[in-house]
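These notes are about the structure you will find just below.
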Number of protein chains: 2
Amino acid sequence: MNLIVQKYGGSSISTIEKIKNVAKKIKSKKEDNYHIIVVVSAMGNTTDKLIKLSKQISPLPDKRELDVLLSIGEQKTIALLAMALKELGLDAISLTGAQARIITEGEHTNSIIKDLDKNIILEYLQEGKVVIITGFQGVNSKGDITTLGRGGSDTSAVAIAGKLNCPCEIYTDVDGIYSIDPRLYPNARQIDYISYDMVLALSTLGAKVLEKRAVQLAKQLEVPIYLASSITGNIGTTIRGAETVEESKIVGLAVDENCAIITIESTNSNKEEIMSILNLLTHLGIDINTISISNVSNGYMSMSFMCSRDDYGIVDSIEKLICVPSKDLKITKDENSMKISLIGSGINKITDYHSILLKIFYSNNLMIKHIANSETYTSYVVDKGDKNKVISDIATEFNL
Amino acid sequence: MNLIVQKYGGSSISTIEKIKNVAKKIKSKKEDNYHIIVVVSAMGNTTDKLIKLSKQISPLPDKRELDVLLSIGEQKTIALLAMALKELGLDAISLTGAQARIITEGEHTNSIIKDLDKNIILEYLQEGKVVIITGFQGVNSKGDITTLGRGGSDTSAVAIAGKLNCPCEIYTDVDGIYSIDPRLYPNARQIDYISYDMVLALSTLGAKVLEKRAVQLAKQLEVPIYLASSITGNIGTTIRGAETVEESKIVGLAVDENCAIITIESTNSNKEEIMSILNLLTHLGIDINTISISNVSNGYMSMSFMCSRDDYGIVDSIEKLICVPSKDLKITKDENSMKISLIGSGINKITDYHSILLKIFYSNNLMIKHIANSETYTSYVVDKGDKNKVISDIATEFNL
């Protein structure tokens, strides 16, 4: 059986007209002799609107009930898409997360998929039906409706493809993955094939490509992902396991301006306090790898870490949350930075890229504040400056 | 256990503010030491909007998928109401039709409730929770989401109350049942107590009181209904079984302008044709009791029946649907009529009301076109005329 999972994101189905177009795309794939499972998000910004509605009732709405509320977004889409397919003469059936037995565990609004019943899906496929499943949602062991949190619909699609052992096509409003975000650098090259690890690095370092969670699951389940636009029809990007031959290659550049360097200074510090702060940061989900600590010995401590704008709320509460009493604690936020990251397989084996980058930053008068390296990327945190010039210089040097 | 089912209709929960008010009402009932099951409709005209959306995809949307779509309306309300109750410090839990195991059978978009699992509800009640259930929807034996059609939420509430053997309060935007619609006759008297049969007669004869289906079920399950406004807080109307003492009493007056007299004439008729037309009308759900047939013997036939504006589509298709070929068939629609019905228990035992009505109609120059009688009502179809004057005359005569 020629099986495929197709996932359509909110922007691909934001209007009735777009839903009809998606139906046509599915029909054409069906005519290519595929059995198709379609996973859909909520239309456009439906989920945000529902969250806003719930906030009118409570600043912290009950999470179980928030899941009951949010799950209607995808349920609306599956029904409309099924109707649209039937209108084109295809047989289709919609299934909510609960109906497809997508069993989740963990917290409400942030559940993880534990298992799903592939037999339900296979039975409908064997009847010749296109099976349309709500992304982003499932049902827990108590029978409660649950949602999966950010990137949930992509995760649903990958999980279903993994269970059915078939590829996954994810349709969005961009043509695929580029070496650099085309909005930042119009000459950026589209990537044909890329490994899970490289996509993870790009996503982690600020490129808006795919939610990390879905990519991690795809890597784990060995699900090939084809990422493409539902609108242009251009050829997209295939994400799969790494090439078997060893190669060192710069894949792309990620730019993150949505970050700040947070510095915690204490003139009266001790080991317990440092441990307490580190524990707290880890507990709060701050990426501990970006932390640098200096001058601990003489009673003065300075601890710096990168933080995204989304985490400002957490940062603001650090002072209150620190358990060890500390009179002389000072927390500062440096927002005048951008993080520029070069991503590549085996990048640490390429010897000359540091000197090239340093030359570019210095010739653009950008002070370097922080450097981080791994096997797949190098990140420079520098002053904000002529971003486009710097990106263009780097792209030219590395042929991106 | 002091059990009660409260049902809130679309107009009572059309905004976040109204949902918060409903939550307060529920809290106050809870403080009166009640275990409460709340059944809700979709907010405002949500269902109509969703139907409109589906029509943008297909003039005749797939009914299974329409149910998947329509059911999100009530699901939205249960989540928001549960949040609102939690915000007031009450413990609450929302259940969809499927989660409450409201098992249905029959067609999609028009299913009937076969059974429901009262133990699920009772368990949550025993935990001290307010249980909030979607009206209008259930799940069939295949696990498909189903909806109940017109008046579905009232029917859900009555079915749940019946199963739990408790009373049912239905909150709407009117204060209860009046002897005459107050918009037609401002001096109308509100009714304190009324029997199921009288409400059924009022509803059947054009008074917008409660959907017949919910009342019929309440009668069958012996569920007392308290019908009241969620806004004014005025005392409403209780609907229950008939008084045990025999009494003859005029209860109210119903006026139906939303109707026409349809006449089918044929100059070339035979018994087969008449049977065929009668069968067709019955099959289409036209109330056969209102049909009068004349002049069958000499080859000429005239058949008249009342029909509501909602059924015009059916009427228009009669000609096409008639199987026996008929060259000389003529169908006319008389829309210049109104039906005025007097409803009362044992009305047929009251001797003088016909002469009073006749006098009123004639003194108002209204030609009488049709009369129908039963044990609970008498209906006069008359020319449209000075409606307010006629209603006022009748109300005065019968002290309504």
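Every read-out reported here was derived from the displayed coordinates using simple, explicitly stated rules and does not represent laboratory data. Quick caveat: nothing in here was measured; it's all calculated off a predicted structure. Reconstructed Cβ throughout: ideal geometry from the backbone, glycine too, with neighbour counts over all protein chains shown.
In a simple Cβ point-charge model (Lys, Arg +1; Asp, Glu -1; nothing else charged), the protein assembly as shown has a dipole of about 460 debye relative to its Cα centre. Averaged over peptide A:250-257, the number of partner chain Cβ atoms lying within 10 Å of each residue's Cβ comes to 0. Within chain B, which complete DSSP H helices have Cα atoms spanning at least 27 Å along the helix axis and a mean Kyte-Doolittle hydropathy of -1.0 or higher? Qualifying helices, which must be both long enough and hydrophobic enough, are B:63-87. The smallest convex shape that holds all Cα atoms of chain A, its convex hull, gives 162 Å³ per residue.
Taking the DSSP bridge list for chain A and keeping only pairs wholly inside it, about 60 percent are antiparallel.
For the range B:1-85, give the magnitude of the charge dipole about the Cα centre (Cβ charges: +1 Lys/Arg, -1 Asp/Glu; no others), in debye to the nearest 20. Write out the running numbers ahead of the final one.
Values: 14 positive and 8 negative charges, 43 e Å.
Computed about the Cα centre, the dipole is about 200 debye.
Over the range A:84-228, the ratio between the Cα radius of gyration and 2.2 N^0.38 Å evaluates to 1.14.
Peptide A:80-92 is shielded by partner chain Cβ atoms: per residue, an average of 5 of them sit within 10 Å of its Cβ.
Modelled label positions at B:LYS114 and B:LEU3, each set 7 Å beyond Cα in the direction of Cβ, lie 2.2 nm from each other. Using only alpha-carbon positions in the protein assembly as shown, the gyration tensor eigenvalues give semi-axes of 66, 33, 21 Å once each is multiplied by 5 and square-rooted (largest first). If you run the Gaussian network model on chain A, springs between alpha carbon atoms under 10 Å, then out of A:SER141, A:SER304, A:SER153 the most flexible one is A:SER141.
How much net charge surrounds B:SER141 when only other residues with a Cβ under 10 Å from its Cβ are counted (Lys, Arg +1; Asp, Glu -1)?
Details: positive: B:LYS114, B:LYS142; negative: B:GLU105, B:ASP144.
Summing Lys and Arg as +1 and Asp and Glu as -1 gives 0.
Calculate, for A:LYS24 and B:LYS208, the FRET efficiency according to 1/(1 + (r/R0)^6) with r their C-beta to C-beta distance and R0 51 Å; round to the nearest 0.05. Don't skip to the end; give the middle numbers.
Details: r = 44 Å, r/R0 = 0.86.
In this case the efficiency is close to 0.70.
The charge dipole of chain A, taken about its Cα centre with unit charges on the Cβ of Lys, Arg, Asp and Glu (plus for the first two, minus for the last two), comes to roughly 740 debye. Residue-wise HN-Hα couplings along the range B:180-186, as the Karplus relation 6.51 cos²θ - 1.76 cosθ + 1.60 with θ = phi - 60° gives them from phi, are 9, 3, x, 6, 8, 8, x Hz; Gly and Pro carry x.
A Gaussian network model of chain B, with springs between Cα atoms under 10 Å, assigns the largest mean-square fluctuation among B:GLU74, B:GLU123, B:GLU211 to B:GLU123.
Considering only A:ASN110, A:ASN187, A:ASN388, give the residue with the highest GNM mean-square fluctuation for chain A, with springs between Cα atoms whenever their separation is below 10 Å. Looking only at A:ASN110, A:ASN187, A:ASN388, the biggest GNM fluctuation is shown by A:ASN388. In this structure, the amide hydrogen of B:ILE133, modeled 1.01 Å from its nitrogen in the peptide plane, lies closer than 5 angstrom to those of B:VAL38, B:VAL39, B:VAL40, B:LEU95, counting only residues at least 5 positions away or on a different chain.
For each of A:ARG64, B:ARG309, A:ARG101, count neighbouring Cβ atoms within 10 Å of the residue's Cβ, then give the residues from fewest to most. Before the final figure, lay out the partial values.
Details: A:ARG64 23, B:ARG309 12, A:ARG101 17.
Lowest count first: B:ARG309, A:ARG101, A:ARG64.
Neighbouring Cβ atoms from other chains, within 10 Å of the Cβ of residues in B:50-60, number 4 on average. Listed values for the range A:369-380 are Karplus-derived 3J(HN,Hα) couplings in whole Hz (6.51 cos²θ - 1.76 cosθ + 1.60, θ = phi - 60°), namely 9, 7, 10, 9, 10, 8, 6, 10, 7, 9, 10, 10, and x replaces Gly and Pro. Of all the C-alpha pairs in the range A:1-120, what % are more than 22 Å from each other? More than 22 Å apart: 41 percent of the Cα pairs in the range A:1-120.
Evaluated at 4 °C with a viscosity of 1.567 mPa s, what Stokes-Einstein diffusion coefficient in µm²/s does the range A:1-51 have when Rh comes from the Kirkwood expression over alpha-carbon pairs? Kindly include the intermediate steps, with their values, before the conclusion.
Numbers: Rh = 11.7 Å.
Estimated diffusion coefficient is 110 µm²/s.
Amide H to amide H distances under 5 Å link A:SER345 with A:LYS249, A:VAL251, where only residues 5 or more positions off or on other chains count and H is placed in the peptide plane. Taking every alpha-carbon pair under 8 Å whose residues sit at least 6 apart, chain B reaches a relative contact order of 13 percent. Placing unit charges on each Cβ (+1 for Lys and Arg, -1 for Asp and Glu) gives the range A:40-177 a dipole about its Cα centre, and among A:THR77, A:ALA92, A:PRO167 the Cα reaching farthest toward its positive end belongs to A:THR77.
If you take all other residues with their beta carbon under 15 Å from the beta carbon of B:ARG189, and give Lys and Arg +1 and Asp and Glu -1, the sum is -2.
The H on the amide N of A:LYS114, modeled in the peptide plane, is under 5 Å from the matching H of A:ILE103, A:THR104, A:GLU105, each at least 5 residues off or on a different chain. Given the protein assembly as shown, what percent of its DSSP beta bridges are antiparallel, to the nearest 5? Looking only at bridges with both residues in the protein assembly as shown, the antiparallel portion is about 60 percent.
Structure shown: which of B:LYS52/B:LYS114; A:LYS212/A:LYS389; B:LYS18/B:LYS76 lie over 24 Å apart, alpha-carbon to alpha-carbon?
Details: B:LYS52/B:LYS114 29 Å; A:LYS212/A:LYS389 29 Å; B:LYS18/B:LYS76 14 Å.
Over 24 Å Cα-Cα: B:LYS52/B:LYS114; A:LYS212/A:LYS389.
The range B:65-99 and the range A:17-42 have Cα centres lying 31 Å from one another. So for the protein assembly as shown, taking the charge dipole from beta-carbon charges (+1 Lys/Arg, -1 Asp/Glu), which of B:SER141, B:ALA188, A:MET43 sits furthest toward the positive end? Sorting the options by dipole projection puts first B:ALA188.
What is the sum of charges, Lys and Arg at +1 and Asp and Glu at -1, for the other residues whose Cβ falls under 15 Å from the Cβ of A:ASN365?
On the way: positive: A:LYS359, A:LYS369, A:LYS384, A:LYS387, A:LYS389; negative: A:ASP383, A:ASP386, A:ASP393.
Its environment carries a net charge of +2.
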